[in-house]
Each structure stands twice: as C-alpha cells, then as structure tokens.
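Have a look at the structure below, then the notes.
The values are calculated or read from the model by the stated rules, or taken from the named source; none is laboratory data. Just so it is clear, the structure is predicted and the values come from calculations on it, not from any experiment. So basically every Cβ, Gly included, is an ideal-geometry build from the backbone, and we count neighbours across all protein chains shown.
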Amino acid sequence: MSDQTLSVSLTAEPTPQWKYAWRQFRRHKLALASAALLLVLSIITVFADVLVPYDPNAIDAAYARGRPQPPTYEHSFGTDNYGRDYLSRAMVGVRVSLVVGVVAVVFQLVIGVVLGAAAGYFGGWVDNLLMRITDVFLSIPSFFLLLIIAGVLEGTLLALIFVIGALNWMTVARLVRAEFLSLREREFVMAANCIGVPGWRLVTRHLLPNALAPIIVAATLSVPYAILTESALSFLGRGVPPPHASLGKMLQEAQPWLRTAWWMWVVPGAIISAIVLAFNFVGDGLRDALDPRLRR
Amino acid sequence: MTRYVIRRLIQAIPLLVAVSILTFAIVEIAPGDASQMYIDPEKGTDPAYLEQVRRSLGLDQPVYVRYLAWLGKTLSGDLGFSFRTRRPVALEIGDRLPNTLLLGGASLLLSFLVAVPIGILSALYRYTLLDYVLSTLALVGISLPVFWFALLLLQVFAIQLNWFPAVGMHDVRQQYEGAAAILDVVHHMVLPTIVLSLAQMASWSRYQRSALLETLGQDYIRTARAKGARERRVIGLHALRNAMIPMVTLIGLAVPSIVTGAFITETIFGWPGMGRLGVEAVNGRDYPIIMAVTMLSAVLIIVGNLLADVAYAWADPRIRYE
C-alpha cells in the first residue's frame, strides 16, 4: 500500500453515522411511511386548536336529536349523540394520545437511564439494591395500580402521565445497566480511565453515547405502550378527566352505539391502532438502522 | 434444582412485602375509608359517631400500626371482609380466581398453538412474501388495542353474526348439566380467549421465528444435512426441538400481560373473574378486595417468573442453577 492512498483516506471526510443510519432506515418502506404519518399527526397535535373545523366540545342538540349522526360533507367523521363534531374530537384526541405517549416515555427514560447508569457504573451493592427495587416494580400488577391511582388523582393529565412513566421505567433501567456492564470492560473505557477522565465525564461522554442506539429503540417502542395504557384507562372511565376528548374515552362513549353507529367506534379505534402501529414500525426500522451489525 | 427453587421462593418474600407496602401506601392516599361503609342511617354523618366507628375499626392508629395489623391478619389467613358485599374476601376471591385461571390458561394454550406454527412458517420461508405478510400481521396484532379488538369481535361475531354470546360465562336462561354445561362455558369463552391471546400470539410467533432461524445456523444442523438426513427430519427432529426451548420460558413471562389483559377483557365480556372483581373493587373503593387482588396478581407474576426459569433449566440440560 502506497503512502498516497493512505493520506487520501485520512483526509477524506468520514461519512457521519447518522447518514448510514438514514440510508438503512429509508429502505424500510413501512417505517418510512409510518414516520411520515407520525409527522402529520405531530402537526395536528401542535396546531389542533387552529385546524379543528368545529369546537370539539360544542354541543349541537338540534342537529344530533339524541343520536349519533353519520358522516356528511360538513361532518366528515360524523357526530356523536350530542352533535359534537367527531373529526374535531378525534384531532384533539390524537393530541392527548401523542402527548401522553411521548411525555410519559421521556419521564421513564429519565428514571430508567439514571438508575440503570448508576447500577451499571457503580456495580456492587448499589447495583444489587437498584436491581432489587426494579424487581419489586416488575412484580406489581402495574395496570391495576394505575387504575387505583387514576381514581385517586381524578384530575390532571400531567399527573396521569407521570404515574404511567413512574411505573414503566424498568425495561430501560435494565437495558442501560446491561449496556454499561458490557461497555465498562471495553478497551476505550480502560484508556479513558488511564488518562484520568473523571467518572461523571466517563458516563456522559463515553458510556451513554455508546448505549444510545438501544435506548432510542426502546424509547420508540415504549411510546405505544404508554398510549395504549392511557387509552385503556380512559376506556375503563379512569383516564383523562372531562371535558378533554381522548381516543380511549371516545371508544368508551361509543359502546351503547355499537349496533347503530359504526363511525363512533371505528374512528377512534382505527386512529389509536394506526398511531401505535406507526411507532412500532418506526422502532423496527430504527433497530435495523442503528445497529451496524444488522445493516445489509 | 430443589435448592434453587427454595432459594427463589425465599427471595420472593421481601419482594411481596415491598409490593404490599407500596399498595398499602397508594390505598392510604386514596380518599375515603372503611368507616363510610358503617354509616348508620339514624345517626347519619354525626362526626362524633363517625369518630367512634373509626376508633372501633382501628383507623385512628398511625399508618404503620395498621399496616402491621393488616400483615399479621393476612399471614394468619384472615383477608378481611369486602366493603360492598360484606362477604369474606377469601370467598370473593375463591369464587373468581378459578374463572380467571381458566380463561388465562386457555389463552396461553391458544397463543402457543397459533404462534408456534406461524413462527416456523416464517422462519422456513424467510424473506419471502409469506414471511413479510406474517411479520406485518404480527406487528398489527401487537398494535391493536385489546379493548378495540374486543369491540370488533363483539360487533362481528356476537352482534352481526350472533355466533357467540356477548357477555357472561353461562347462559342464564338455561339449566344445563354435565357435558352441555361445559359446552356452554366453552361457547362463552371463545371470544374473550381470542382477545386475551392476541398480544401473545403476535409476539411469540416472532420469538419462534428468530429461535428457529438461530438454530438452523448451528453446526449440528449442517452435520445432519451433510449426513444426508431428509429436510423434514432435519427440521422436525434436530432443529425444532432446540428452537422450542426459549418458547418454554415465554409462557411464564407472559403472566403480567395476561393479568393486565384480564382486567380489561373480563370487564368488557362480563367474565366473572378476578380482573373484573378488581375493576369493580376500584370503582367501589372496596379496599380489602383491592389489596387482595393486587397481592394475588403479584404472587402470580412472581410464580410465573420462577416457572420460566425452572422450565428453562428443565428443557435445556446445558442450563444449571446452583
């Protein structure tokens, strides 16, 4: 090998990792379509107040006459039995679902990463204690506990989000711990230790970035879980407080009209399923894209 | 092995104590207490009378005293009385638990019977159209909200086609006996079992697919092929038996998701199980029942985890616990 080729390869700009990842992600057509759908839904979430064709809580008793009205040109998703525009309610419901899903996952990431990093970095009795606490949380029937707590809160959406996050951080904690335990033994960490990199810097600059890919994938795949939990709670009448519209609550209200008004239960259910499916596809695509060993 | 199981059972004790403290604390901050169940119609909401009731129930004691009292009673087998029905909690649970176990067991069996063949097909025809269709269907299965899937099945099979009953466990209009009674229960079970199985079916088929793919890459499979064994024999005898090992643990690990699913599924289908009892107890603030249902669910989850580990060692001789 000549000196020339060596110097060329050294001066050439290295392709950034995210470019490889994007190239791989693009190939997963369903993941790409799902990401586009999530983008549209995010826009709806941010601008729902401007985009809604009607006030989602405005009652039009004269129009509904006590029965859900089928989709028409004016009301493209129909109305419920109070004459409230179903499209507008669904848009506000999408906002609730996405906010609950994303914020709950951010919250559980904070708990999970901190506890998992502490357990993996310190090892010993800290690890032992933190993992026993994780075991306790894994043994509680978390959905039932949420049902009890949601009854206690009887109130704010934010509290509900925090509780969902507080009961679901265990997977992330275990994942981060396992990554740290394996990374701790690598040569680059030993090298950093040798040149006297302080512990805090070692965690934030060396260990965490290398554990980022599995954390991102786990986070993406946790969002649907949080969304399904919120909608299941709302469906059982224990989730988002009134007068907010939530997709789960719309399904609960649709139950008496199962026979007569199909749009009442098809619309919210199909939207929840689409959101959850989209997050699962994106998570699937990210897993392939972020793991160099899986790249084809 | 016996020593390992015993050690795990001992380890479960502090776990259960921690779960009970957590639940007790949550119930503690919930509004209302047992005294409201003893309101006398004549004395009404007279504060002095309520104070007297609270004292006689021990509710004026500090929280740790009450927790220890609850723990002592529970350990001696006294679960207290339901606030709503005034029946012993043990009887209430005893009525409901077998129904939940029946539903949960049936759905685990159904998940297994559906997921394993799907996973095998996916692995054998990997990267073909069939594999993609099955993979996508599995992801859809994981993504469908349980309660919406339940409403869909109710709408199609109970309301439109009228093939299956929509609610309950028995036909209350008939007095069936013997085989007819069993068939009646099975008839009522079909829809809730399918709903409860959906999530497991979908995720297990993925596990089965990757387990079989991993096994097919092993040296002994190449050896089997090299010595001229027929493909059927290679797959059926050499690969599948080893690819089934990880599946054994999944059954035990599915318990939390079955428990969660039971709360929703039983409520929708009016199945008289522990899940519905729990939801009713939450709505009626029936704290003795809430405590019992939580603890029992935790026990089921812990036992499920233990079973998963034991089954793994039993199915795979390479795994040895000390």
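Residues in the range B:16-29 that are surrounded by 17 or more Cβ atoms within 10 Å (Cβ to Cβ) and touching a residue at least 24 places away in the same chain (Cβ under 8 Å): B:VAL19, B:SER20, B:THR23, B:PHE24, B:VAL27. Just one of the listed residues (B:VAL310, B:VAL299, B:VAL279) is under 27 Å from B:ARG84 (Cα atoms) and in contact (Cβ under 8 Å) with a residue 24 or more places away in the chain, and it is B:VAL299.
Cβ-Cβ distances below 6 Å connect the following pairs, each with a first residue in the range A:49-68 that is of a type in the set (D, E, K, R), a second residue that is part of a loop (DSSP other than H, G, I, E, B), and a separation of six or more residues or different chains: A:ASP60/A:GLY83; A:ARG67/A:ASN81.
Okay, residues lined up against (1) buried (at least 19 other Cβ atoms within 10 Å of the Cβ); (2) closer than 19 Å to A:PRO214 by Cβ:
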{"residue": "A:VAL100", "(1), (2)": "yes, no"}
{"residue": "A:ILE111", "(1), (2)": "no, yes"}
{"residue": "A:ALA119", "(1), (2)": "yes, yes"}
{"residue": "A:ASP127", "(1), (2)": "no, yes"}
{"residue": "A:LEU146", "(1), (2)": "yes, no"}
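From the list B:ILE251, B:ILE301, B:ILE290, B:ILE258, pick out the single residue that is farther than 23 Å from A:GLY239 by Cα, assigned to a helix (DSSP H, G or I), in contact with a Ser or Thr (Cβ under 9 Å, 6 or more places away or on another chain) and within 11 Å of chain A (Cβ to nearest Cβ).
Selected residue: B:ILE301, the only one of B:ILE251, B:ILE301, B:ILE290, B:ILE258 that is farther than 23 Å from A:GLY239 by Cα, assigned to a helix (DSSP H, G or I), in contact with a Ser or Thr (Cβ under 9 Å, 6 or more places away or on another chain) and within 11 Å of chain A (Cβ to nearest Cβ).
Checking the structure you have, find out if any residue of the range A:198-207 is buried (at least 20 other Cβ atoms within 10 Å of the Cβ), in a helix (DSSP H, G or I) and more than 14 Å from every other protein chain (Cβ to nearest Cβ). Yes, the range A:198-207 has at least one match. One residue stands out among those in the range A:237-255 that are surrounded by fewer than 17 Cβ atoms within 10 Å (Cβ to Cβ) and within 12 Å of chain B (Cβ to nearest Cβ): the one that is nearest to A:LEU146 (Cα to Cα), which is A:GLY237. Of all residues in the range A:134-153, those that are more than 8 Å from chain B (Cβ to nearest Cβ) and free of Cβ contacts under 8 Å to residues at least 60 places away in the same chain have Cβ atoms under 7 Å from Cβ atoms of residues that are part of a helix (DSSP H, G or I) and surrounded by fewer than 19 Cβ atoms within 10 Å (Cβ to Cβ), 6 or more apart or on another chain, in A:LEU153/A:ALA159. Taking residues in the range B:214-225 that are in a helix (DSSP H, G or I), and partners anywhere that are among the small types (Gly, Ala, Ser), the pairs with Cβ atoms closer than 6 Å and at least 6 places apart or on different chains are B:THR215/B:ALA239; B:THR215/B:ALA243; B:LEU216/B:ALA239; B:ILE221/B:ALA239. For the range B:67-85, the condition of being touching a helix residue (DSSP H, G or I) at 6+ places or on another chain (Cβ under 9 Å), modelled with pLDDT under 80, part of a helix (DSSP H, G or I) and not β-branched (Val, Ile, Thr) holds for none of the residues.
Taking the criterion of being under 12 Å from B:LEU124 (Cα atoms) and hydroxyl-bearing (Ser, Thr, Tyr), would at least one residue in the range B:219-229 satisfy it? No; the residues of the range B:219-229 include none that is under 12 Å from B:LEU124 (Cα atoms) and hydroxyl-bearing (Ser, Thr, Tyr). Is it fair to say A:PRO56 is surrounded by fewer than 18 Cβ atoms within 10 Å (Cβ to Cβ), at pLDDT below 80, of a type outside the set (A, V, I, L, M) and not in a helix (DSSP H, G or I)? Here the answer is no, as A:PRO56 does not meet what is asked. In the range A:141-181, of all residues being under 16 Å from the mean Cα position of the chain (by Cα) and among the aromatic types (Phe, Trp, Tyr), the one that is farthest from A:LEU130 (Cα to Cα) corresponds to A:PHE162. Taking A:SER273 as the residue in question, decide whether it is of a type in the set (S, T, N, Q), at the interface with chain B (Cβ under 9 Å from one of its Cβ atoms) and in contact (Cβ under 8 Å) with a residue 60 or more places away in the chain. Against the criterion (of a type in the set (S, T, N, Q), at the interface with chain B (Cβ under 9 Å from one of its Cβ atoms) and in contact (Cβ under 8 Å) with a residue 60 or more places away in the chain), A:SER273 does not qualify. The set of residues in the range A:182-197 that are exposed (fewer than 15 other Cβ atoms within 10 Å of the Cβ) and either in contact (Cβ under 8 Å) with a residue 12 or more places away in the chain or under 29 Å from the mean Cα position of the chain (by Cα) (or both) comprises A:SER182, A:PHE188.
Yes or no: A:LEU228 within 8 Å of chain B (Cβ to nearest Cβ), buried (at least 24 other Cβ atoms within 10 Å of the Cβ) and either assigned to a helix (DSSP H, G or I) or without any contact (Cβ under 8 Å) to a residue 60 or more places away in the chain (or both)?
yes
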